[in-house]
Amino acid sequence: MNIILSIDYEIFGDGSGCMDSCMVKPLDNILNLCSQYGALLSIFAETMEISAFQASNLRKSEADLVCQQLQQASKEGHDVQLHLHPQWQDASFSQGQLNPLDSNKWRIANLDIDEQTQLIKTGKEWLENLIRPVCADYQCVAFRAGGWCIQPSHSIIQSLQENNIAIDSTVAPGAKNNSRADWFNFSKAPQMAYWKVDTDVLEPALNGIYELPITTSKIGILNHLGIILDRMTNDLPPHGCEGSYSIPGVNESRLFSKLKKLSNLGHVMLDISTMPANALIKITENWQRKFPDDPDVTAVAIGHTKNFSTRSALEFEKYLDWAVQQNHQFTTYQQWLKKH
Ligand SMILES: [Zn+2]
């Protein structure tokens, strides 16, 4: 089977964290592991924050390192694709300090179609301008919505089509988040390895762009609980990467956020930052077993640089080692598209 290793490349959604510790260093770590095992990475770069940093006098150097890293990774055959968190629109700095982001724009799906189309166009052009000087045939072909907030998806799909983006890779079948401020609900996703969409990301269509979903699986509730508890007690974020997962202005009770986590218990993504190797292997095998008639099936792993810890690196290495032994092929969105 094929494996796409995707990683969301960004600081925290409220603007906390710094690019060096939450992006550049952990990505270096991941890229080193990938090169040891001949694996390719697909980096979903959140272009709005990088260009906001680029435009600021005092923080520009952080963005410069990010851009160099994306160019270098592309030269080595890794893929870079588009990830957007619209709260970064109009981001500004005062004496090097980021001013509060616009949390009304947290969900790209809540924006109107003109704004969506413009953001996607700007992000795609930004990536192509960055990567083409080092990889002449580079194309931005894939998209993942920030915080998985792609629903309702009609207008976003239209905006992606207008911008010649051929793949969305946001849907994580079975996953859901009930908070009003950043909801998504993929519980009705089709049981397919990929499908085409033209109005609703969960509705297979004859024409349109591809939905290439993030691989998910059911695991035992106790097993999942064990993984969460183990991570809470034994794991630390990447060195120097500190930030907050909360949405500014949204007060969610601790009880509600705990219940939210429990409602997803037993259902996991193929997440290379948070899952131990044995779970990653199980989730990948379950995915393969779901599609016995497709020997060429592709599993899409996800991860985040900002929570890719020393521990994640150890587990990711074991997973890579297993994948190589199984003769699974690492691929990227650009390569996948050429075959479909
Ligand atoms: Zn993100």
Out of every Cα pair in the range 117-274, what percent are spaced more than 22 Å from each other?
54
Check which residues have an amide H placed less than 5 Å from Ser153's amide H, if you skip close sequence neighbours.
Val201
Tell me, Kirkwood radius of the range 98-154 from alpha-carbon pair distances, in Å?
13.0
Through the Karplus equation 6.51 cos²θ - 1.76 cosθ + 1.60, θ set to phi - 60°, convert the phi angles of the range 75-80 into ³J(HN,Hα) values in whole Hz; use x for Gly and Pro.
4, 8, x, 6, 10, 10
How would you classify the range 195-327 from its alpha-carbon gyration tensor, with a ≥ b ≥ c the square roots of the eigenvalues: rounded for a/c under 1.5, else prolate if a/b is greater than b/c, otherwise oblate?
oblate
Quickly rank 322-332, 79-89, 194-204 as a protection proxy: mean count of other C-beta atoms within 10 Å, highest first.
79-89, 194-204, 322-332
For Asn2, what residues show an amide H to amide H distance below 5 Å, using hydrogens built from the backbone and excluding near sequence neighbours?
Val297, Thr298, Ala299, Gln329
Hydrodynamic radius (Kirkwood) for the range 1-57, which is based on Cα pairs only, to one decimal in Å:
12.6
Within the chain, the cysteines whose Cβ lies no closer than 4.7 Å to any other cysteine Cβ are Cys18, Cys34, Cys67, Cys135, Cys140, Cys149
222 nm [θ] for the chain, helices only, -39500 (n - 2.57) per DSSP H run of 4+, per residue, to 500?
-11500 deg cm²/dmol
Where a ≥ b ≥ c are the square roots of the eigenvalues of the C-alpha gyration tensor, would you call the range 60-188 rounded, which needs a/c under 1.5, or, failing that, prolate if a/b is larger than b/c, or oblate?
oblate
D (µm²/s, integer) via Stokes-Einstein for the chain, Kirkwood Rh across alpha-carbon pairs, 20 °C, 1.002 mPa s: value 106
Hull volume per residue for the range 1-118, using the convex hull of the C-alpha atoms, in Å³ is 115
Taking every other residue with Cβ under 10 Å from the Cβ of Pro248 and scoring Lys and Arg +1, Asp and Glu -1, one gets -2
What are the principal axis extents of the Cα atoms in the range 119-193, in Å, biggest first?
42, 28, 20
Could you please rank Trp106, Trp126, placing first whichever residue has the fewest other Cβ atoms within 10 Å of its Cβ?
Trp126, Trp106
Any trypsin sites (Lys or Arg not before Pro) in the range 108-188 that lie in a DSSP loop and have at most 12 other Cβ atoms within 10 Å would be Arg180, Lys188
Given Lys306/Lys339; Lys25/Lys60; Lys25/Lys188, which pairs have Cα atoms separated by over 26 Å?
Lys306/Lys339; Lys25/Lys188
Protection proxy ranking, peptides 132-143, 289-300, average beta carbon neighbours within 10 Å, highest first
132-143, 289-300
If we count GluC sites (Glu not before Pro) as exposed when they sit in a DSSP loop and have at most 16 other beta carbons within 10 Å, what is the longest stretch of the chain that avoids them all?
77-241
Within the chain, what percent of beta bridges assigned by DSSP are antiparallel, to the nearest 5?
30
Taking square-rooted eigenvalues a ≥ b ≥ c of the alpha carbon gyration tensor, is the range 293-339 rounded, prolate or oblate, where a/c under 1.5 means rounded and, failing that, a/b exceeding b/c means prolate?
oblate
Local net charge near Gln325, Cβ-Cβ under 15 Å (Lys/Arg +1, Asp/Glu -1):
-2
Semi-axes of the equivalent ellipsoid for the range 161-216, Cα gyration tensor, largest first, Å:
20, 13, 10
Lys and Arg at +1, Asp and Glu at -1: add these up for the other residues within a Cβ distance under 13 Å of Ser159 and post the number.
-4
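A short reminder: the numbers here are calculations on the coordinates, not readings from a lab. This is a predicted model, so every value here is computed, not measured. In this analysis, Cβ positions are derived from the backbone assuming ideal geometry, glycine residues included, and neighbour counts consider all displayed protein chains.
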